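Following: one structure in structure tokens, then a few remarks.
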Amino acid sequence: MTDRILKTVEYTRVNGGFSITRERVIRETALKINVDGRHLATAMITAAMEKEFVIGHLFSQGIIDNIIDIKSIDIKDNTADITLAAVKAEGKNPTRITSDLKVNREDIFTCVRAILKSEIFTETEAVHSAGLFRGGREEICIAEDLGRHNALDKVIGFGLLKNVDFSTTLAASTGRQPLEMILKCQRANIPIIATKGVPTTLAVETAEKAEITIAGLVRGNTMIVYSHPSRIE
């Protein structure tokens, strides 16, 4: 699996002189996504958890509302072929989160620290991580990818495969949180997202309306809660 993610390259180090050395760098893989025989998109991803990514991506794009909307999925040779069910399950695209979840502030620090333990990031500094935690404590899934959006799609896809009740979960993510990240959580009915980065203005405005809690700049024992702080005790 690691060979699909990392590749050893030769490079020139400049540090008071020139030296030739070698190290592993992250691979960028083009995954072609076909839905019912038609090309939907080609995503540039880290080649791990491709099935979870495809399912999460289709869900986030509104193409499916549930895992049962997929009749079959076949991934090989960097191509994902998806056949949808004849009749789409009746889904919902909530404008407001319906969840009673509240978490302890220490749990937020723990969740963010958990997604920062990536060995691949330590070696390459080239991936983002996302995690899904039940009740803000129990790890459900942690995923890595070149893009923070892809990493979040992977954990959402994993949750759909495992029939997770997203209303009871906290999503943790590395990097800044633009609008699209909040919309993914809104669609999945995830009430809390925590990150070591910061959100954008549109992300905060949308989170306020959707009743999503954004905890940003989670570092050490401090954080900034940008929206709906009542979910944090």
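Can you name the condition, by its number, that K76 falls short on among (1) at pLDDT 95 or above; (2) in contact with a helix residue (DSSP H, G or I) (Cβ under 8 Å, 6 or more places away or on another chain); (3) more than 21 Å from V127 (Cα to Cα)?
Answer for K76: the failing condition is (2).
Within segment 82-89, is there a residue that is part of a helix (DSSP H, G or I) and either more than 27 Å from R4 (Cβ to Cβ) or in the same structural domain as G147 (by TED's automatic domain parsing) (or both)? First the steps, then the outcome.
If we filter segment 82-89 for residues that are part of a helix (DSSP H, G or I), which is where we start, we get none.
No; the residues of segment 82-89 include none that is part of a helix (DSSP H, G or I) and either more than 27 Å from R4 (Cβ to Cβ) or in the same structural domain as G147 (by TED's automatic domain parsing) (or both).
Report every pair of residues separated by at least 6 positions or lying on different chains whose Cβ atoms are under 6 Å apart, first residue within segment 104-119 and under 12 Å from K196 (Cα atoms) and in the same structural domain as R148 (by TED's automatic domain parsing), second surrounded by fewer than 14 Cβ atoms within 10 Å (Cβ to Cβ) and at pLDDT 95 or above.
Close Cβ pairs satisfying both conditions: none exist.
Which one is surrounded by the most Cβ atoms within 10 Å (Cβ to Cβ) among residues in segment 148-173 that are touching a residue at least 40 places away in the same chain (Cβ under 8 Å) and more than 25 Å from K209 (Cβ to Cβ)?
Looking at the filtered set, the residue picked out is K154.
Taking R96, is it surrounded by fewer than 19 Cβ atoms within 10 Å (Cβ to Cβ) and more than 20 Å from K154 (Cα to Cα)?
Numbers: surrounded by fewer than 19 Cβ atoms within 10 Å (Cβ to Cβ): yes; more than 20 Å from K154 (Cα to Cα): yes.
So R96 passes the test.
If you go through segment 198-218 one residue at a time, how many are outside any loop (DSSP other than H, G, I, E, B) and farther than 18 Å from F133 by Cα? Spell out how you get there, then give the answer.
First, pick out the residues of segment 198-218 that are outside any loop (DSSP other than H, G, I, E, B): 199, 201-210, 213-218.
Right, trim to farther than 18 Å from F133 by Cα and you get 199, 201-210, 217.
Residues flagged as outside any loop (DSSP other than H, G, I, E, B) and farther than 18 Å from F133 by Cα within segment 198-218 amount to 12.
Here are some residues: L179, L183. Which one is farther than 21 Å from I142 by Cα and not assigned by TED's automatic domain parsing to the domain that holds Q61? Walk me through it before giving the result.
On the way: L183 fails: farther than 21 Å from I142 by Cα.
L179 is the lone residue from the list that is farther than 21 Å from I142 by Cα and not assigned by TED's automatic domain parsing to the domain that holds Q61.
The values are calculated or read from the model by the stated rules, or taken from the named source; none is laboratory data. All figures in this text were calculated on a predicted structure; none of them were measured in a lab. Backbone-built Cβ (ideal geometry, glycine too); neighbour counts: all protein chains shown.
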